[in-house]
Amino acid sequence: MRRIATVALATGVALAGLGAEATTADAATHKWNTAKSGFSNIYASGSYTRTTKSVSVSGYLRDYAPDGRSPGVQFKAVKITKTYIYTQRSNQFFFISSKTGKPLDYKFPKAYSYGHFFTSKYLTHLYVREISVNASNRQDTYPKNVKTGWKKIY
């Protein structure tokens, strides 16, 4: 009886380990960027982690020229079912000066980490677009290309 119990326990532990490996593989981290998708002086990049239940996006922002506007990004997640298309847009993400409370506008010597941008349960597609925010009045601008600047990540 002890041998049967030991074999059953060992098999259960082995199968539990296989399940953990599959979950880790499902949650692989992938990269994204906004290269050639909008403004020439803005660049955003980062990574996203997609599981069977959600997608989480983090990343960096960079401004190549002080032009009165702060660089930013916005994300859109889409879920497509047989009867509906669900869309979730994120907030707009950009840096704000701790001294003035206004959007930052200066040449970033490197890409600065924004940290976590967005999490969604809509998993069919994920899009990103660059935005440009006026440093004086927070008026936003989007790229003027055919698809309103949305770049498909997956």
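Points to keep in mind about this one:
- Out-of-range pairs (alpha-carbon distance over 23 Å; input K79/K102; K53/K110; K82/K152): K79/K102; K53/K110
- A simple count of charges around D67, restricted to other residues whose Cβ falls under 12 Å of its Cβ and scoring Lys, Arg +1 and Asp, Glu -1, yields 0.
- Net charge over other residues, Cβ less than 10 angstrom from the Cβ of T87 (K, R count +1; D, E count -1): +3
All of the numbers you see were taken from the coordinates with simple rules; none came from a lab. Here the structure is a predicted model, which means the values were calculated and not measured. In this analysis, Cβ positions are derived from the backbone assuming ideal geometry, glycine residues included, and neighbour counts consider all displayed protein chains.
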